[in-house]
Amino acid sequence: MENILEGVNISKSFPIKGFLGKTKGTVSAVHDVSFSLKEQATLGIVGESGCGKSTLARLIMRLIQTDEGKVNYRGENILNLTGSKLQDVRKKIQMVFQNPYSSINPKLSIIDNVAFSLWENGVPKEEARKKALYYLDAVGLPKSYALRFPSSLSGGQRQRVAIARALVLEPEIVIADEAVSALDKSVQAQVLKLFQELKKEFSLSLIFISHDLNVVEYMSDEVMVMYLGKVVEKGPAVQIYSNPHHPYTQALFNSIPSMEVGESTLNNSPINGELPSPMNPPSGCRFRTRCPLVTEKCAGDLPPNVEISPGHTAACVLYERVGNEKVLS
Amino acid sequence: MFQFILKRCLLMIPTLLGVTIIVFLMLQIVPGDPVNTILPADATEEDRLRVEQELGLDQPLVVQYLSWLGRTLEGDFGRSIIKQLEVGTLLFDAMKNTFILAIGAAFFSFILSLIIGVYSAYHPKSWIASFGNMIGLTGVSIPNFWAALLLIGLFSVILGWLPSTGMSGVGGGGGSFDMLKHMILPSIAAGMTTLGVMTRMIRSTVIDLLQKDFVITLKAKGASSYIILMHVLKNCTPTILTVAGLQFGYLIGGSVLVETVFSWPGVGQLIYQAISQRDFPIIQAGVLMVSIVFVLLNLMVDLLHAVIDPRVRHA
Amino acid sequence: MITENTGQLSNPVILNKEEKEDSRFKEFSRRFLKNRPAFLALILLGIIVISTIMAPIIAPYDPYEGEITNRLQVIGAEGHILGTDEQGRDILSRILYGGQLSLLAGIVPVLIAGLIGGSLGVMAGYFGGMINTIIMRTLDIFYAFPAILLAIGISAALGQGIDNIIIAISIVFIPPVARIAESAVKEVREEEFIEAARTTGAKNFSIIRYHILMNIFSRVFVYCTTQISISLVLASGLSFLGLGVSPPTAEWGVMLNNLKEQIFINPLVTVIPGLFIFISALTINLVADGFRDALEIKQ
Ligand SMILES: Nc1ncnc2c1ncn2[C@@H]1O[C@H](COP(=O)(O)OP(=O)(O)OP(=O)(O)O)[C@@H](O)[C@H]1O
Ligand SMILES: [Mg+2]
């Protein structure tokens, strides 16, 4: 299958301002990240809080400017598009945000929250509302809710509104950034299911961001694991979950209560140590300060991206010798 | 701490510069030619040019501003057009009197608001609490110049208890007791707003504190109400001092109207006379001087706050 | 902006009007009406405002004509319920006519400051960076002046006249309104729905109009209502200093100024004009408090 979206070596760091606007340092939020999203597939992105997942999403959405790298939509770099071309691409990629209490405008009615995107794109108000209503229906909100205001909706319902708003422009790609983490477990399941259904119905390609490994496993075809702004491991979901290679991925899987019994064959060490400050991340491999298998080499060069099996790579020196992928276990 | 003081003082410089610019521009928007107010009606065109040159009015605005700023920094505020006196001297005496009135008003309003505020926090159902509510509302709504007129009507004209004008009795030999008597009504009138604001503020601060854990613990331990009161007062001191400091600033700046009603010889009275005589150098210098005092008072409040509450320094 | 909102809703493409959600306004009125003092204050204020507007109809006398022989009548005097002034003019009539100017001088500066200060604050808050620094630092300077003194300085420089008083007070109120608007915008700007709007390619103008303004409106509105009473008192104060209307025009502040000389003859003569300033300011304060509580805004 063809890649509908590709990220190539994307980097972004934020300057930290001190007194009188002097730059005190920079936070390397996303560093040299590459990914690819296949047509009508789901790419899951996991990682601890602060590892740069949202920043990556914002970079793709062009909400913030990238320092380096490219984002290719159907082979065309969208980062330097302007004007109407940019507008066209914007409609193709939409986003569902993390916090349903902050992501819809409390002063607009539900239907206008959804219709706003349309009438900003030149659709007459009447028509925009009709279409909005169609998508509200598609996400399972009763018609009678349309003229209500967000304050009378529950978190799950609000997230449905946010999803309807993302869909109303008829995008091909939807980026869901922690779209369910603010919801109750039972509601989470409903919304996840909704995503699955909508994906089929509207032939969407999804980027699904979460720190919840179970959620990502349930949703994704491909998974990308991030740590402190870098990709440490990526590959087909089945492979990553059954056979994680990077010590960070292994540690991550260890630290969650597994859904299936007998699944946790890995050694039972939680991630030790503190998350280093993103302002001066460790040299070499950024995980080395907390890695149980750290070697001297880790502090030196950047860890190589080793292909474990086709499409499955891990950025770790342990696998550097080709054909010797079973160093561990 | 030293760094904090330095930082605050440095930040004050642009503010003060801005103040001088605004005060300078104020004079520029005066309609009509300032030269006309100086020249006699039958002056020739030559006279006019000469005066313009003397005053530097033919220079660009920036140059005029800088030379005005230079003179002001040296303490030369110019001469009153009408009184033909140094504005500086006039202002200095007036400022002193304004301070005296502000202190009187602060004394009246701070003490009364403390008593009413604390009491009504403790006894929210008492009549004093209702009275406190009323004071709070009245204070922020009443025009203080009207309050001044009412006080004169009642206490000077009808009852004849207290004097209604000036700082001292005829002949001026009354001494400090005489001045105190003259201060009472103006202080009340000027302190009205402050009384309202502070009563509201103190009451709500104390109510908040009374619900804090440490007070409840003290009560549970059986501490006497006197001890609890002392703890509460100690804890609300920083807030009260800050607000009090700011209010003192408002008293200095806000007594213009009260001063005019009582003919209190302060800056306000001076400015009032200057307005009716279109004596702009006095208005300009008066506004400038009071504003500088106001800025300095705010600075002092900030520093005081930082001394009492070290968290401020790092904010 | 509120009408704007309901205007959009009343567009019944799909739903019948019955289901239209105007319950937010109902909720607001319900809360406001429950607040007794605020409600009564609103009624009293309404009476004052309407009476002054209808002054030409209900005033018993010409506000400019008086018999000097009939001067300084006390309150309750025959034919002159509120007495007469130093020129024998009917005080009630002058109060009614004068109220027009006094109330106007209370409201107009707040409207002007609300518009200008609000726009400056929104610009500063929304665009941030250099624009913010320039706007907000400039406005900060005005905080160095005691409000009344700044107003006196400006209106003295501009010259006598109620219009100049209005300009002066507007200038005094612009910085605080801008500050409130700016901090409200900064808060709203962090919300995810702003980012969501930007991902759809919405223009700054529409984002400000639909997402920012609607969300800061009630805060700025409530703040402005609390400033009306201050503006009213300030305006009458400037007028009292002789900076406002010139005689014989009636206005509450200038009436006080004229009557203050007579206080030694009739000690109660200043009660009435001041009372009207006071009651107006008081009721405005109560109403503003009611608005604030009903809109659940903390300040
Ligand atoms: N606008 C910004 N300015 C400065 N630093 C930022 C900014 N946005 C993000 N960061 C920093 O970049 C890093 C990555 O943040 P990001 O929000 O992308 O993490 P995340 O993986 O989405 O975390 P979470 O799971 O908490 O949402 C963090 O250290 C964060 O502090
Ligand atoms: Mg995030």
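Here r is the Cβ-Cβ distance between A:Asn280 and B:Met230 and R0 is 56 Å; the resulting FRET efficiency, rounded to 0.05, is 0.70. Charge tally around C:Pro248: other residues with Cβ under 11 Å, Lys/Arg +1 each, Asp/Glu -1 each, net -2.
With a simple spin-label model that places each label point 7 Å from the Cα along the Cα-to-Cβ direction, the separation between A:Lys193 and C:Ser51 comes to 6.8 nm.
Taking Cβ atoms as reference points and 12 Å as the exclusive limit, the residues near B:Thr242 contribute a net charge of -2, counting Lys and Arg as +1 and Asp and Glu as -1.
Of the residues B:Phe145, A:Tyr241, A:Val114, the one whose Cα sits farthest towards the positive end of the charge dipole of the protein assembly as shown is A:Tyr241 (charges of +1 on Lys and Arg Cβ, -1 on Asp and Glu Cβ, taken about the Cα centre).
Each residue of region A:177-184 is assigned a 3J(HN,Hα), and the resulting list reads 9, 6, 5, 10, 5, 8, 9, 5 Hz, derived from the Karplus form 6.51 cos²θ - 1.76 cosθ + 1.60 (θ = phi - 60°), x at Gly and Pro.
Summed over both chains, the contact between C and B buries some 3500 Å² of accessible surface at a probe radius of 1.4 Å. Going from the isolated chain to the complete set of protein chains, region A:155-176 loses at least 40 Å² of heavy-atom accessible area (1.4 Å probe) at no residue. Kindly express, to the nearest 10 degrees and within the range 0 to 90, the angle between helix C:23-34's C-alpha long axis and the longest C-alpha principal axis of chain C. The helix C:23-34 is inclined about 40 degrees to chain C. Across B:Leu159, B:Leu16, B:Leu114, mean-square fluctuation computed from a Gaussian network of chain B (C-alpha pairs under 10 Å connected) peaks at B:Leu159. Taking a span of 20 Å or more along the helix axis (Cα atoms) and a mean Kyte-Doolittle hydropathy of at least -1.0 as the rule, the DSSP H helices of chain B that qualify are B:2-28, B:87-122, B:127-141, B:175-210, B:225-254, B:280-308. Past 29 Å, Cα to Cα: identify those pairs from B:Lys96/B:Lys181; A:Lys53/A:Lys199; A:Lys24/A:Lys230; A:Lys91/A:Lys193; A:Lys17/A:Lys297, in the order given. Pairs exceeding 29 Å: A:Lys17/A:Lys297. Kirkwood-type hydrodynamic radius, region A:186-254: 13.0 Å, calculated from all non-identical alpha-carbon pairs.
Treating r as the C-beta distance of A:Lys125 and A:Glu68 and R0 as 30 Å, the FRET efficiency rounds to 0.15. Leaving ligands and nucleic acids aside, the A/C contact buries around 3200 square angstrom of accessible area in total at a 1.4 Å probe radius. With the simple spin-label model, which puts each label point 7 Å out from Cα in the Cβ direction, the B:Leu11 to C:Leu33 separation comes to 4.8 nm.
The simple Förster model, with R0 at 60 Å and r as the Cβ-Cβ distance, assigns A:Ser152 and B:Leu73 a FRET efficiency of 0.45. Pair-distance distribution P(r) for the protein assembly as shown, from all Cα-Cα distances in 20 Å bins starting at 0: 11, 33, 31, 19, 6, 0 percent. The helix-only estimate of mean residue ellipticity at 222 nm for chain B, built from DSSP H runs of length n ≥ 4 each weighted as -39500 (n - 2.57), is -25500 deg cm²/dmol after division by the residue total.
Please give the net charge around A:Ser203, taking every other residue with its beta carbon less than 11 angstrom from that of A:Ser203, where Lys and Arg add +1 and Asp and Glu add -1. Cβ neighbours under 11 Å give a net charge of -2. Normalised per residue, the accessible area of the protein assembly as shown is 46 Å², obtained with a 1.4 Å probe and no contribution from ligands, DNA or RNA.
Element breakdown for region A:3-319 at a 1.4 angstrom probe: carbon and sulfur atoms account for 50% of the accessible area. Label separation (B:Ile308 vs C:Gln100): 5.0 nm, computed from points 7 Å beyond Cα along the C-beta direction.
The values are calculated or read from the model by the stated rules, or taken from the named source; none is laboratory data. Given the structure is predicted, the values throughout are model-derived calculations rather than measurements. Neighbour counts are summed over all protein chains in view; Cβ atoms, including those assigned to glycine, are modelled from backbone coordinates with ideal geometry. SASA here: full protein model, heavy atoms, side chains in, ligands and nucleic acids out. Shrake-Rupley method; radii C 1.70, N 1.55, O 1.52, S 1.80 Å.
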